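What follows is one structure encoded as structure tokens, with my remarks underneath.
No lab work stands behind these numbers, since they all come straight from the coordinates. Every value quoted in this text rests on a predicted model; they were computed, and no experiment measured them. Backbone-built Cβ (ideal geometry, glycine too); neighbour counts: all protein chains shown.
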């Protein structure tokens, strides 16, 4: 195995996404960038004109036309940059998008204050203008947050501060994706290999505990070496969130973040409380690993993804992975499967890792173009699940942009992980049902249990840390690297129990999670997981009716509030019931495993 990564030009074209479907080349991107940049100042002509329904409609359409164009520019720039972070031209294009967004936000900063200065009767009258009916929910959602919209001058300042407030996240991203270099370690064949994020994921699923430990410790070396800088970076993004919350007169950063999607803060707290009060299945999971793996010295972080019941880690070709994802999705119906197949053949996916490429995986999209998926595929079962996860996002995007007007043509973050984890649950069921041996079934049950650990409990843990770290700075405390280590380590230990050993590296996990820069994002992995568990159960139990409700969910976009979208699909996230049901499902899986183990 080589100690260096392959370069992008060494990858077959069929394994790369087709960004040409957005812009055929950089020249056309530049021409559109210039057109949009020149068009932004014209929005100022609408200032002071929102005196009739007709003028309001013209203004909204003008803004959304430019927003749609900016979306295409941004999608192309950020994905080109993610192909290889070392390409200066694409770095520069992506950086320029930040400035363009600030210009746009500054240009439209008059809109909300001017609109919200209208009294309710006048706004209702404007809503009767032919063509305005489509914007009813859009306007209702805007007037809902009226107490937090500032004056025109203040909104302009908030827009101008946008790039500065995003700086900590940009700095962390550059460190985490471009500048970081991991150590060279010895692989399973005792050959030297430079660790990468993709290889780390593979090695953590190895039956070789030496390899798991070495790769785990090696991964953290650059983060520990820069821990004070990373603590300052994380503290700075929290201060950015606090600035926004206080400027907009919110009670806290949590209120400010959740209010954007009209999510009650009780949903956040109920998730954490329910998880922490129901740790028995998680502790059974830890105890099972200790017993099966014979870990006399206790369970460590690098033991949580080790295969329990298979001595050989199977590798899946890309073609096998695509077939498995398709087979797993059969219960979602012919239309869904047909559109899923398009994703594998029509240039949606960037498959393999290359030097300079962004780590991890994601789905991205822009209105009017098919979705895209970034992978760093390495052949593990975890990679297969990552693929089905990201294709769940992609199909959610596909159905939304093909069934909603631009104004509702994406979906709230609170719903973002539902479709992805539903795909995972369906793939798990397919694999378990079709296991060819007791050993294979046990391995698959273990993989399913890892999802409950990683997507439900672990993300609830992350959510608790995010809340406590924000509250600490909100109360005037300073968060040094040592304090963050202590806070994160204590929370981790409280979840995983006495059989689990917290290492220095484990305490420093906060320093390498990019989602901590996304402003209360991680809890939605857990809430989405429990929502998707409920939806999948209904599809499997009720058939066509539940499937149609699920497809309607995928098509809804932002046409309703997120909580209502889920309620219409059959899940009430206002209660603890979905989380408790998820916890009970994990307990049931543990029962199956222990019955097979004997």
q = 0.21 Å⁻¹, the stretch 18-160: log10 I(q)/I(0) [Debye, one scatterer per Cα]: -1.22
On a C-alpha basis, how far is the centre of the stretch 139-154 from the centre of the stretch 315-329 in Å? Whole number, if you could? 47 Å
Convex hull over the Cα atoms of the chain, averaged projected area in nm²? 26.2 nm²
Ranked list, fewest to most other Cβ atoms within 10 Å of each Cβ, for 536, 292: 292, 536
Give me the one-decimal nm value for the distance between modelled label points at residue 597 and residue 483, 7 Å along each residue's Cα-to-Cβ direction. 4.1 nm
Could you work out the relative contact order of the stretch 361-512, using alpha carbon pairs under 8 angstrom and six or more residues apart, expressed as a whole percent? 14 percent
Roughly how many whole Å is it from the C-alpha centroid of the stretch 88-128 to that of the stretch 355-413? 26 Å
With axes computed from alpha carbons, what is the tilt in degrees of helix 481-496 against the longest principal axis of the chain, rounded to the nearest 10 within 0 to 90? 60 degrees
Nearest 10, in degrees from 0 to 90: the angle of helix 162-174 to the longest Cα principal axis of the chain is 20 degrees
Would you give the gap between the C-alpha center of the stretch 281-296 and the C-alpha center of the stretch 49-84, rounded to a whole Å? 52 Å
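Taking neighbour counts of Cβ atoms within 10 Å as a proxy for exposure, in what order, fewest first, do 269, 241 appear?
Details: 269 15, 241 23.
Sorted ascending by nearby Cβ count, the order is 269, 241.
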Out of all Cα-Cα pairs in the stretch 271-340, roughly what percent, to the nearest whole number, are more than 17 Å apart? 65 percent
In degrees, nearest 10, range 0 to 90: what is the angle between the Cα axis of helix 209-225 and the longest Cα principal axis of the chain? 40 degrees
Take 501, 527, 253 and order them by how many other Cβ atoms sit within 10 Å, fewest up front. 501, 253, 527
Please tell me the relative contact order of the chain in percent, rounded to the nearest whole number, where contacts are Cα pairs under 8 Å and at least six residues apart. 18 percent
Given 0.36 nm per residue, what is the gain on full extension from residue 471 to residue 575 after removing their alpha carbon distance, in nm? 35.0 nm
Contact order normalised by length for the stretch 18-160, with contacts defined as Cα pairs under 8 Å and 6 or more residues apart; what percent is it? 29 percent
What is the antiparallel percent of DSSP beta bridges lying wholly in the chain, to the nearest 5? 65 percent
Sum of -39500 (n - 2.57) over DSSP H runs of 4+, divided by residues of the chain (222 nm, nearest 500): -19500 deg cm²/dmol
